[in-house]
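Structure, as structure tokens:
Here, each number is a calculation from the coordinates, and none is a lab measurement. Bear in mind the structure is a predicted one, so any value in this text is a computation, not a measurement. Using ideal geometry, Cβ is built from the backbone for each residue, glycine included, and neighbour counts are taken over all protein chains shown.
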Amino acid sequence: MIQVQNYEKSYRDTVAVRGISFEVAAGSVLGVVGPNGAGKTTTMRALAGIIPPTKGRLTIAGHDIVADPIAAKNQLAFIPDEPQLFDVLTVWEHLEFTASVYRVDNFSQAANELLEKFELTDKRNTIAQELSRGMRQKVAICCGYLHQPKAIIFDEPLTGLDPRGIRTLKASIRERAAAGAAVMVSSHLLDLIGDLCSHLLILHRGASLFQGPIAEAKSRLESVSEDASLEEIFFQFTETNKHETPRQPAQ
Amino acid sequence: MRLQWRGAVRQMCQSLTTIRGIFFLVFILVMMVYGLGSLYFASRITAQSPQFTGAIAKLQDDFIPLGLLGTLIYIILFSTGESTVYFTPSEAAFLFPAPITRKQLLSYILAKSLGGMAGVALFFSLYLSPSISMVIPRWLGIVLILTFLQLLTMTISFLRHVLQEKMHLLIRRGCGAVIAVLLVLTFKQMGDAVQGADFGLDFEAGFSAWKSSATARWLLFPFALIVKGLQATDWATFLPYGAVLLLVDGVLLQLAYRLDALSLEAALGYSEKRALRLKRLQSKGIWSAFSPNTSAIAQRHVPQLPFWNGIGPILWQRTTTTFRSSPKLIWVTTTALAIAGGLVYLVAHLKEQSTATIGAPIAGLCVLGYMSFLICLTLQNDIEHVGFLKSLPISSTSIVIGDLVGFPILLSLVQMLFIVGLVVFFPTTAGWLLMGALLVLPINLVLFGVDKLVFYIYPTRMAKGAPGDFQNAGKQMIFMAFKMLILGAAALLTLVASLPVAFLLQSPLLAVICAGTVLLIQVGLLVPLLADAFERFEPRLVVVS
């Protein structure tokens, strides 16, 4: 559903992402981890069509994000780390706006269900400027879900959410994946990744160190035991490569 | 300060590695040399003519003391003075917990602002100097005056923190009452002296009479002395005045140091508040300053628009945001326009001349044009939503069209209302006014479009910098000049197309229609450029100047 082939992104002399390739199949949840500056957000923003790739091909549900951006974006929901709401629009108007952009007919019932699920019903007529950070995040998630996207990308989704909000979000991600959506989640919270994701992508200095099922990551490393935590796996991959810039993307 | 300067120099050196950076530096230098040079040569040329020199000296005698008195009254009555003790978030985070005395912190803030004042003083001193040898004393004099105003503002702010808020308000009101009484007294004395003479619109004669009243002379006396110091033709004359000013500044500085010890917490609180406001301005533009923050505004609805290939939702969002955010702005604009309109009406009727009756509505249209210019070229849209808009399944062309037309339509509606008002007051010129109305929307669209285009190509956000932040001012000046160049070309093209129509067909209406059409064609041509620039726009590259 989400395909990235040889993606590279450079800013003048700085190479942010170095030719990475990966795939997220329908129904699977890919966790993207890496130290700060690894290229996680850059990759996700390129997939969302916000920044153009310098090289490579990125497709959503078979549509190239550069060549056929509208078709690709129609199948996608991108929930960034900082929810970008319009200050003077109400919660309901955000859903209304999303429905009109993605051309969702009769959205009211689905929108009300989402508000109910994320405990926003009583905030329906509140403008975004008056919402807390966590509530803004919930509104962004509701808007993302409204058009039933086939691919969903979350960048640090838990920031600002309360415990109930976290539980609801996790459950909703599992539900969406079970319903056939391809989900990508970037986070520094390795517990979240371990709990939620079926696959793992480890990025470091713009290169991919590992991509595949989480169980495979353990077998890839000789020095870790079978019951090693994701944290151990992460440090094994990233610390080994701390002082070198990988030239070839790992498979 | 050394590290800050080093950072600024490093940033400048880094920017010189690109052609754009070199261009901007050269542009700044050229503008500075041009500005300073023209001021200096203007003063040289006028110095050679006794008539001009006398007139300029009279202007200085008349208006500098009045300006200084006005500033002083403003500071005493209205200034909170908080901005004079502003620390950036990084300064507050690093310096407040550091083993640095409050006195040192205050000295640091003063030293920083002194740099800005020195630059401002340079401009004035070049203009006010009768000869090159007197540039330095002039410059010193102006720096001392500006420092006096800065220290006075600061001291008043500290007093406010030291005194209870109620007591401060009481003192301020007391000062206001005294000032009001004194001003009334000046007018009474003036009335007694001129014995009911009617000056009509002769502002100069009226002002001279007012200035001659005993109280006004007394009020203006210290400032008149300052002007004498500034007009000194040699060092010997300047030095006593300079010494007195230095003494006054020294006393105020000592007072500020003593009072400041009691206002640390308030300064920190203000700095945090201001940092938040600045952050908001930087990411969302000046527009956000007008944004109210209660859900009550949600009652103002704009009906949903059809999809129109994606233009509809964007236009709806933009119009709703503008409609809900703008009441204050619309109120300010309408009031300004009403005052301007009232003035032109008054002038037209007092003079009772046909030229004035035609001139007044034309002046009204010019005010409208200026308002468009001011608003459209300073109200950029927020940066933070560009990424969001780019992630929507709507073509860039539709997004930029929806984004482009929302605000100009609302602004034009307000201006149309003003034109209707002018038509009521000046029915004889209704034809001209309505022809002007035809151009309101196309002009607003071109202005707004050009502003957006420049922003997308070089995304730098206007934000208030520290006092004397000339780098920021210079950068904004360049962008404004760049926009002016594009707008100048657009205006020239419009004139070239419409003037022949006016002369050949002898029809002003057809010429206006032609001009409007040319402007709309320019807007049409801007759309693909805007769409392309929007696609290339990467939020990561935004520079906050």
For the pair B:Leu247 and B:His301, the simple spin-label estimate (label points 7 Å beyond Cα toward Cβ) gives in nm 7.2
How large is the Kirkwood hydrodynamic radius of the range A:85-148, in angstrom, based on all distinct alpha carbon pairs? 11.3
Report the gain in length on full extension from A:Arg57 to A:Asp162: 0.36 nm times residue separation, minus Cα-Cα distance, nm rounded to one decimal. 34.1 nm
With label points built 7 Å along Cα→Cβ from the Cα atoms of A:Ile70 and B:Thr237, find their separation and express it in nm. 7.5
Mind ordering A:4-12, B:434-442 by average Cβ neighbours within 10 Å, highest first? B:434-442, A:4-12
Taking +1 at the Cβ of each Lys and Arg and -1 at the Cβ of each Asp and Glu, which of A:Pro35, A:Gln75, A:Ser100 sits farthest along the dipole of the range A:1-106 towards its positive end, judged by Cα position relative to the Cα centre? A:Pro35
Please work out the FRET efficiency for the pair B:Ile457 and B:Leu163, using the Cβ-Cβ distance as r and a Förster radius of 60 Å; give the result to the nearest 0.05. 0.70
By how many nm would the segment from B:Ala193 to B:Ala491 grow when fully extended, if each residue of separation counts as 0.36 nm and the alpha-carbon distance is taken off? 102.0 nm
With label points set 7 Å from each Cα along the Cα-to-Cβ direction at B:Leu520 and A:Arg133, the distance between them in nm comes to 4.9
Which of A:Lys138/A:Lys218; A:Lys117/B:Lys452; B:Lys166/B:Lys211; A:Lys9/B:Lys452; A:Lys73/B:Lys452 have a Cα-Cα distance over 31 Å? A:Lys138/A:Lys218; A:Lys117/B:Lys452; B:Lys166/B:Lys211
Can you sort A:Phe154, A:Phe86 so the residue with the fewest Cβ neighbours within 10 Å comes first? A:Phe86, A:Phe154
Test item: Cα-centred dipole of the range A:85-148, Lys/Arg +1 and Asp/Glu -1 on Cβ, debye: 200
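Tell me, in nm to one decimal, what length is gained between B:Thr18 and B:Phe123 on full extension, where the rule is 0.36 nm per residue of separation less the Cα-Cα distance? Let's see the in-between values first.
On the way: separation 105, 0.36 × 105 = 37.80 nm, distance 3.00 nm.
Here the segment from B:Thr18 to B:Phe123 would lengthen by 34.8 nm.
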May I have the extent of the alpha carbons of chain A along their three principal axes, as whole Å values ordered from largest to smallest? 54, 41, 31
How big is the Kirkwood radius of the range B:1-157, worked out from every pair of different alpha carbons and given in Å to one decimal? 18.8
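Grab the beta carbon distance between A:Ala228 and B:Ile409, set R0 = 60 Å, and tell me the FRET efficiency rounded to 0.05. List each step's numbers first, then the result.
Numbers: r = 61 Å, r/R0 = 1.02.
Working from the Cβ atoms, E equals 0.45.
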Can you sort B:Trp316, B:Trp235 by how many other beta carbons sit within 10 Å, fewest first? B:Trp235, B:Trp316
Once R0 is set to 22 Å, what does the formula 1/(1 + (r/R0)^6) return for the Cβ-Cβ distance between A:Arg220 and A:Asn36, expressed as a FRET efficiency to the nearest 0.05? 0.40
If A:His147, B:His301, A:His188 are placed from fewest to most neighbouring beta carbons inside 10 Å, the sequence is B:His301, A:His188, A:His147
